[in-house]
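First comes the structure, then the notes that go with it.
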Amino acid sequence: MRSVSIVGMGKTPFGVFPDQSILDLAVAAGRKCLKDSNVAPSQVEAFYLGNFAGPSFVGQNHLAPYVAAGLGLHEAPATRFEAACASSGAAFFHAWMAIAGGMYDLVLVAGVEKMTSQPLARITEILASAGDLGGEVKAGATFPALFAMIARRYMHEFGATREHLAAVAVKNHANGAKNPDAHLRKIITLEQALAGRPIADPLTIYDCSLVSDGAAAVLLAATERAGEFRKPIRVLGVAQASDRLALADKADITTFPAVRAAARQAYAMAGAGPSDIDIAELHDCFTIAEIIAMEDLGFVPRGEGGPATAAGFSALHGEKPINTSGGLKSKGHPVGATGVGQLCDLVLQLRCEAGERQVPRANVGLAQNLGGSGATCVVTILGR
Amino acid sequence: MTLHYCTGCGQAYVTPPASCRCGGSEFRAAEAAGRGQVYSCTTLHAAARAHEADLPFQIAIIELEEGARLTARIAGPPVAIGDAVRLAGEREGVHFFTAATT
């Protein structure tokens, strides 16, 4: 197995962009990435695109060659990956395999989602289709409702409080306010977060990530060729794991087995453990998801994610900074772009190009990209 | 209500899955009491289009006495984790449960 490096990155801001189509967004991120790596489209050997629901949100199918043509990639094989909110994490994992396995030297991976052109009830319905349609969704569950049931059970078992959940939102908004590409650059107080409009109790609007448009891209190269590029970042470990879709089919909804499995494999590949991780981008689709991810990744023991967050453990200048980009909560969550977007934000930190949100010690970073209510997870560990 | 038991390991399901956790794929149907308790729950204040007219409404993951879990609607007063519930009815494939004391 060959070592693989990220040798370029590019992303659009995340937000509401009525004047930009799904193609405009994906091509903008791809072009920025190729420019960052100083690579011509003709040099790219294959294209992997993460996208959750382009056909539902904007009607366009056959998206990968559609975007590849827009980028001038011509005959390179182009394939779309769908794994709910982990779509571009899955695209990245498979692109990594193609280089690690020796098939290609240079592969472009992108993620894109164009969500905001639909009314909110339709967006809710499209997102819910990543749950179990015949069971929980038929009963009326939405994604906020699924994570609300996870939060309710977690609070019941571990004594976590609404304040613990709100502490995640306050932290991520504080970080996102420093990120020029974030969707909602707004500092919020604990009182505001607690008093948010109820969505699915115990979750309020401030516990939920944003509905965003956006795209992100990274260029992968065999590390033996990484010397040709400025500031390459090594992929130290990466793994993808799966679980059942329906919450009712899981023995314990306060932990995600797919996250634990992917983390175990990624740590083993990197020869590292939780204490070696300097910074992390975690999948805070809802505040409770970041708390559980901290525990499933081994950053803190079970039940301690909430108190640790409230005590500043994961703050920008805390012991282990989490979501220095603002996370899905403040940076935004264009579903199919999120996995690669997390990697772009880690690359910025590892290159010391993260501006106002740069942390002083950033040698090893971890990204955790969760699909749906945990049926897919991709964990990636990067190092400089 | 009808439950489906894996002929390999005995695990009960509300809807028989393509494969049981044990790998089995044969199921035996049997009637169940329709009683259980709330494993988790939430009251929704926003919903997909098909359910918007019902807002606000409560859904719950119910653990039946036979061990199967399902996600169901709650009819009547709100319930909390650990509450005993019983089947109140079924409409278009959705089970409705209600607090067992009412």
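Values in this text are rule-based calculations from the coordinates and carry no lab data. What you see is a predicted model; the values in this text were computed from it and never measured. Cβ coordinates were reconstructed from backbone atoms using ideal geometry, including for glycine residues, and neighbour counts include every protein chain displayed.
Centre-to-centre separation between the Cα atoms of region A:108-135 and those of region B:50-102: 26 Å.
From the square roots a ≥ b ≥ c of the eigenvalues of the alpha-carbon gyration tensor of region A:1-160, which class results: rounded (a/c under 1.5), prolate (a/b over b/c), or oblate? Verdict is prolate for region A:1-160.
Reported value for region A:11-73: 88 Å³ per residue, from the convex hull of its C-alpha atoms. Dipole check for region A:187-294: with +1 at the C-beta of Lys and Arg, -1 at the C-beta of Asp and Glu, and the Cα centre as origin, the magnitude is about 380 Debye. At q = 0.12, 0.22, 0.26, 0.27 Å⁻¹, what is the log10 ratio I(q)/I(0) for region A:283-368, with the Debye formula run over Cα points and no solvent? Debye curve over Cα of region A:283-368, log10 I(q)/I(0) at q = 0.12, 0.22, 0.26, 0.27 Å⁻¹: -0.33, -1.15, -1.46, -1.50.
One chain, two ends: A:M97 and A:Q43. Fully extended at 0.36 nm per residue, the span grows by 17.6 nm beyond their Cα-Cα distance. Take each residue in A:246-252, count the other chain C-beta atoms within 10 Å of its C-beta, and the mean is 5.
Judged by the ratio a/c of the largest to the smallest principal axis of the C-alpha gyration tensor, region A:60-127 counts as oblate, that ratio being 1.5 or greater while a/b is no larger than b/c. The protection proxy used here, the mean number of other Cβ atoms lying within 10 Å of each residue, ranks peptides A:82-91, A:136-145, A:243-252 as follows, highest first: A:82-91, A:136-145, A:243-252. Between A:K35 and A:N363, the C-beta separation translates, for a Förster distance of 22 Å, into a calculated FRET efficiency of about 0.25.
Given R0 = 22 Å, the distance between the Cβ atoms of A:I205 and B:L55 translates into a calculated FRET efficiency of 0.90. What is region B:60-102 by shape, rounded, prolate or oblate, if you read a ≥ b ≥ c off the alpha carbon gyration tensor as root eigenvalues and call it rounded for a/c under 1.5, prolate for a/b larger than b/c, and oblate otherwise? Here region B:60-102 falls in the oblate category. List the lysines whose Cα lies under 16 Å from the Cα of A:K329, skipping any in the same chain that are fewer than 8 positions away. Here the lysines satisfying the reach criterion relative to A:K329 are A:K171, A:K178, A:K186. Peptide B:33-43 has a mean of 5 when you count, residue by residue, the C-beta atoms of other protein chains within 10 Å of its C-beta. Database note for chain B: Cys without another Cys beta carbon under 4.7 angstrom, B:C41.
Is any residue of region A:1-18 close enough, with backbone N under 20 Å, to a label point placed 7 angstrom from the Cα of A:E353 along the Cα-Cβ axis, and if so, which? Under cut-off, by backbone N: A:4-14.
On a per residue basis, the convex hull of the C-alpha atoms belonging to chain A measures out at 119 Å³. Sorted from greatest to least, the principal axis extents spanned by the alpha carbons of region A:192-240 come out as 53, 23, 18 Å.
Averaging the Cα positions of each part gives two centres, and for region A:270-339 and region A:242-266 these lie 17 Å apart. Here the simple spin-label model places points 7 Å from the Cα toward Cβ, and for A:R197 and B:A29 these points are separated by 4.4 nm.
Its convex hull of Cα atoms gives region A:226-265 a direction-averaged projected area, equal to a quarter of the hull surface, of 4.2 nm². Cα centroids of region A:60-79 and region A:1-52: 12 Å apart.
Among A:375-381, B:43-49, the peptide with the highest mean count of other Cβ atoms within 10 Å heads the list, and the full ranking is A:375-381, B:43-49. A simple spin-label model places the labels of A:L133 and A:S56 0.8 nm from each other, with each point 7 Å out along Cα-to-Cβ. Output the antiparallel fraction of DSSP beta bridges having both residues in the protein assembly as shown, as a percent to the nearest 5. Bridges in the protein assembly as shown that DSSP calls antiparallel: roughly 80 percent. Which residues among region B:26-65 fall inside the zone where the amide N is under 15 Å from a point 7 Å beyond the Cα of B:T7, along Cα→Cβ? B:26-30, by backbone N distance to the label point. Under the combined filter of DSSP loop state and at most 13 neighbouring Cβ atoms within 10 Å, region B:35-86 retains these GluC sites (Glu not before Pro): B:E65. Rounded to 0.05, the FRET efficiency of the A:H74 and B:T101 pair, given R0 = 51 Å and the Cβ-Cβ distance, is 0.15. Each Lys and Arg adds +1 at its Cβ and each Asp and Glu adds -1 at its Cβ; summed about the Cα centre, region A:120-205 shows a dipole of about 240 debye.
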